[in-house]
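A.B. asks: Handing you a structure now.
Just so it is clear, none of the values below were taken in a lab; they were calculated from the coordinates. None of these values were measured; they are calculated from a predicted model. Neighbour counts are summed over all protein chains in view; Cβ atoms, including those assigned to glycine, are modelled from backbone coordinates with ideal geometry.
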Amino acid sequence: MSSFEASPSLASPADPATLPEEHAGTSSALQQEWPEPLSAKEWDERFPGVLDGIALLGGAANIILQLASLPVGHGVADSKVESGAIFKHPVKRARTTFTYLAVAMLGTSEEKRIYRKAVNRSHAQVRSDANSTVKYNAFDPRLQLWVAACLYWGYADAMRVFRGEMSPQQKAEFYRLAEPLGTTLQVRPGMWPKDLAAFEEYWQKGLQELEIDDKVRFFLTKLVDVRFLHPLISTWLGPINRFFTTGFLPPEVRAQMHLSWSDEQQRKFDRVMSTIGKVNALLPRSVRQLPFTAMLWDFRRRVRKGLPLV
């Protein structure tokens, strides 16, 4: 989503890996072919519930995790791409995000390339200028690696919350299969941490480097309270979304967001999520996975008809 000059763990703007594909050297070329994707049915057979729509209850928390990287936060908060602004076009923004997840997990190599090209046209406009207090560039693959890591963590965490812990073998296999969450965009092959142990090291280090300043916190608080919806709806839905969002956040990020959380709230969150998970597990797979399969169907329809994809 953006470039992060402030962190020594990420590349400077002069690093070829931070440049758009057309300016990158061959050693950092983007991935162009991916293994044949699992079908929605196969995903559910190997990792029951992994593509269930209830995972989207943690969506706002995942966005906060992504934007807690300071340049990502400023890149989104300052974005001049009005057509993708959540507070002006919430439905379109949600469709774009869910479509990316569906294409990354279920799409063919050609579909991934098509969606990358469409997203890149929007990302090309997201870069800092002389007046920006934080430098960012949406083509920085190391920042996109953090975003992809958040998406992977969100899927795995939702599985834990709603279905219980995966087996060690399932965890390792799912981690390997989740790599297209990054390589569908600017993350180069080989950048994805090689195994779960390497990912955990990367993840913990990343959590310690996060920074949410007042500007980004104000933006994200409006997201938590769903102020992009009509006031009558946000007044009712805001407290519910705040509860879910706070519960899904790691403690380090809750603190940076100034969100309070007690032991009693955690027990209530665990009870509510357990109940939702049990009810959801009784539903047919086609119903559980509908948000993702519907977005993939819509994406393919738009490609056939030549309609805008983002």
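A.B. asks: How big is the charge dipole of the chain about its Cα centre, in debye rounded to the nearest 20, if each Lys and Arg gets +1 on its Cβ and each Asp and Glu gets -1 on its Cβ?
C.D. replies: Roughly 1180 debye, rounded to the nearest 20.
A.B. asks: In percent, what relative contact order does the range 46-188 have, based on Cα pairs under 8 Å that are 6 or more apart in sequence?
C.D. replies: Values: 117 pairs, mean separation 48.0, N = 143.
That works out to 34 percent.
A.B. asks: Something else: At 37 °C and 0.692 mPa s, grab the translational diffusion coefficient of the chain from Stokes-Einstein with a Kirkwood Rh over Cα pairs, rounded to a whole number in µm² per second.
C.D. replies: Estimated via Stokes-Einstein, D reaches 164 µm²/s.
A.B. asks: Determine which aspartates and glutamates satisfy two conditions relative to Lys80: a Cα distance under 15 Å, and not lying fewer than 8 residues away in the same chain.
C.D. replies: Asp129
A.B. asks: Counting pairs of alpha carbon atoms under 8 Å apart in space and at least six apart in sequence, what relative contact order in percent does the range 42-303 give?
C.D. replies: 33
A.B. asks: Follow-up question, since we're still on this one. Indicate the helices, whole DSSP H runs only, in the chain that combine a mean Kyte-Doolittle hydropathy of -0.5 or more with a Cα extent along their long axis of 24 angstrom or more.
C.D. replies: 141-163, 231-248
A.B. asks: If you don't mind, there's one more thing I want to ask. Between beta-carbons, use under 13 Å as the cut-off and find the net charge around Ala40, counting Lys and Arg +1, Asp and Glu -1.
C.D. replies: 0
A.B. asks: Step through the table entries Lys92/Lys205; Lys41/Lys278; Lys135/Lys205; Lys112/Lys305, compare each Cα-Cα distance with 26 Å, and write down the pairs that go over it.
C.D. replies: Over 26 Å apart, Cα to Cα: Lys92/Lys205.
A.B. asks: Moving to a separate point now. Peptides 211-220, 67-76, 131-140: what's the order by average Cβ count within 10 Å, highest mean first? Before the final figure, lay out each step's value.
C.D. replies: Values: 211-220: 16.9, 67-76: 26.3, 131-140: 20.2.
For the peptides 211-220, 67-76, 131-140, the packing ranking is 67-76, 131-140, 211-220.
A.B. asks: Sort Leu145, Leu282, Leu57 by Cβ crowding within 10 Å, fewest neighbours at the top.
C.D. replies: Ordered from fewest to most neighbouring Cβ atoms within 10 Å, Leu145, Leu282, Leu57 come out as Leu282, Leu57, Leu145.
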